[in-house]
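The values are calculated or read from the model by the stated rules, or taken from the named source; none is laboratory data. Quick caveat, the model's predicted, so the values are computed rather than measured. All Cβ positions, glycine included, derive from the backbone under ideal geometry; neighbour counts span all protein chains shown. Just so you know, the surface numbers come from the protein's heavy atoms only, side chains and all, with ligands and any DNA or RNA stripped out. Shrake-Rupley method; radii C 1.70, N 1.55, O 1.52, S 1.80 Å.
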Amino acid sequence: WLTGKFLGRGAGSERRGFATQDAAIAWIEERWAEITPLLAEAKAAELTTPQIADARAAIAKLAGRATLTDAAFFWAQKHAGIEETKSVEDAINALHADRVAAGLSPRHCRQLKAILKRFLGGFEARPLSSITPEEIAAALDAKDAKGKTPSLSQRAKRLRHFNILAQFAQDRRWISHNPAAAVSAPRIAAQRPAILTPRECKRLLSTAKRIFPAMLAPLAIKLFAGLRNEELFFLRWEDFREKTIRVSKTKTGRARSVTIEPALSAWLPRKQSGLVFSVKEN
């Protein structure tokens, strides 16, 4: 004959006799379930020990600011409708097609795609949602095609282009978050831009006129009109007016007009036809 004593939480102690040990254990479990109904529900739901421990850790992390149910609903809403199977290659191709359709310059679109394909080389078949911050950080430091260690500006450019892809993917519900958000961006010290003096400008343009005449107009336009290289490559003599230059091939796809200042007018050669400067021809 066994005697069992139960000390309940918040209840008085009970003492009772049992014929067998199994009967004593069953009675104790029954009494414990009465004062801890959630434990009984957990047992009925077949929660594992790790799940119970995970719930305790989550509740502790919430620190009373929200319930575990609140957190679960928030997670479900954030991840609702996420297509986590979109591959890296498909995402890059879709981004490129979107930028082309938006009318951005072909050179910009090609460069964006090329940088992303090099940066994410080896991940093409992987789901974009599976890329981790650690893999992004490692890819930032990967050597380039020539085997050289990337500079800080190259690392920053890689990260900037991945962020473009990640934002594009988030807008389309292909990923729930940007893994690069947890990666520290390279810190590049600000440098003062080099500025040519009027005398240096004159010397540069005079040398170009004497040695390489085809470069005179492009250099003068860069110095006194501020066009981007990509804009200059598509510029034609037919785009010149009496006092303005019409720049139709821009990064944003929106044409703009640039004033022909007296300094630029003084160095422009006689108006011709065709491209102002062709890389292939020169």
GNM on the chain, C-alpha springs below 10 Å: top fluctuator among 191, 170, 154? 191
Estimated 222 nm signal from helices in the chain, with DSSP H stretches of n ≥ 4 weighted -39500 (n - 2.57), rounded to 500: -15500 deg cm²/dmol
Given the options 173, 254, 210, which has the most mean-square fluctuation in a GNM of the chain, springs set between C-alpha atoms less than 10 angstrom apart? 210
Collect residues whose amide H, placed 1.01 Å from N in the peptide plane, falls under 5 Å from the amide H of residue 244; neighbours closer than 5 in sequence don't count. 260
Which FRET efficiency value, to the nearest 0.05, is calculated for residue 137 and residue 206 with the Förster distance at 51 angstrom and r the Cβ-Cβ distance? 0.55
Using a Förster radius of 41 Å, what is the FRET efficiency between residue 182 and residue 97 based on their Cβ-Cβ separation? Nearest 0.05, please. 0.90
³J(HN,Hα), Karplus 6.51/-1.76/1.60, whole Hz, each residue of region 230-242, x for Gly, Pro: 4, 6, 5, 5, 9, 6, 10, 5, 5, 7, 8, 10, 5
Could you pull out every residue, at least 5 positions away or on a different chain, whose amide H is within less than 5 Å of the one on residue 18? Hs are placed 1.01 Å off N in the peptide plane, and Pro or chain starts have none. 2, 3, 4
Ordered by residue, what ³J(HN,Hα) values in Hz, to whole numbers, does region 252-264 give under the Karplus form 6.51 cos²θ - 1.76 cosθ + 1.60, where θ = phi - 60° and Gly and Pro are x? 8, x, 9, 5, 9, 10, 10, 6, 8, 6, x, 4, 6
With the other protein chains left in place, how much accessible area per residue, in square angstrom, belongs to the chain at a 1.4 angstrom probe? 68 Å²
Please work out which option in (i) -0.58, -1.15; (ii) -0.62, -1.27; (iii) -0.51, -1.20 gives log10 I(q)/I(0) by the Debye sum over Cα atoms at q = 0.08, 0.16 Å⁻¹ calculated from these coordinates, and answer with its label. (ii)
Summed over the other residues with a beta carbon less than 14 angstrom from that of residue 201, with K and R at +1 and D and E at -1, the charge totals +3
Amide H proximity to residue 236 below 5 Å, modelled H, separation 5+ or other chain, gives 276
